[in-house]
Amino acid sequence: MPTTIRLQRTGRKAQASFRIVVSDSAESRDGPAIETIGTYNPRTRPSLIRLDAAAALNWLHEGALPSDTVVSIFRKAGVWEKFKSGATAETLEESVIELGPPEGERGTSRRAELAAEAQKEAAKRRVEEKAAAEAAAKKAAQEAAVAKKKAEEEAAAAAAEAEAEVEAEAEVETETEAEVEAEAEVEAEAEAEVETEAAQEPVAEAAEPEAAADEAAETADAADAPESESEEEDAEKKED
C-alpha cells in the first residue's frame, strides 16, 4: 500500500511538538500511524530532532513518500543524503540520530518566543481596542448628553422668547385699547361741550334784545332829562 512519512502534531496550543510517523496515504492527517520513527520539537533552540535513521531508510527504500518538512529534517540528520547514495540501514554507524542541545540546556527557540510575543501583542491589542471602544462609547454618550442639554436649553429659550412675544403683543393690545378708550372719552367730552354750547346760544340770543331795549330806554331817559330841566328853568324865569 502507498505510505507517507509526515509530522503528527502533539502538545497544547502554542506548545506544539511533533512525531515523525509513517502512515497510510489514504488515512486522514489525524488518522492512526503505522509506525513512529522520530520526534521533532521546533520550540527549542536549536530545534530538537530525534530520528530512527535505520527505520527511516527502510521506509524510504520501500517507497514511502516524505513530506517537504520531513525531507528537511532528514537532510539535517544526514539520512536523505545516505538514501540518495543508496546506503541501507545495515551500513549505518548509528541507527538513532539525535540533534539539538542536550537535555537541561534546551532553551526556548526564537520561533516560540515570537509566538509568545505575538500572543501578548494580540492580548494587549484586544485590551487597547476594548478600552478604545469603551472610551468612544463614553465620549458618544457625553456628546449625546451635551447635545440633549443644548437642545433642551434652546427649546426653553425659544419657549421663553415666544412667551415674551405673546406678553408684548398683549401689552401692545392693552395700550392700544387704553388709547382708543381715552380718545373715545375725549371725543365724548368734546361732543358734550359742543352740545352744551349749542344749548346756551338761544338763551344768549334771547337776552340780547332785552339788553338792547334797556339800553335804548336808558338813552331816551337821558335825552328827556335835559329838556325837562330847561323847561323848569324857563318856567321859573317867566314867573319872575
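Some values worked out for this structure:
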quantity	calculated
Residues of type lysines that Lys120 reaches as a straight line, Cα spacing below 20 Å, ignoring anything fewer than 8 places off in the same chain	Lys13, Lys130
Kirkwood Rh in Å, taken over all unlike Cα pairs in region 3-108	14.2
Prolate/oblate/rounded call for region 109-189, Cα gyration tensor, a/c under 1.5 rounded	prolate
Burial ordering of Ser23, Ser72, fewest other beta-carbon atoms within 10 Å first	Ser72, Ser23
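Every read-out reported here was derived from the displayed coordinates using simple, explicitly stated rules and does not represent laboratory data. Note that the structure is predicted; figures quoted are calculated from it, not measured. Cβ sites come from the backbone with ideal geometry, for glycine too, and all protein chains shown count toward neighbours.
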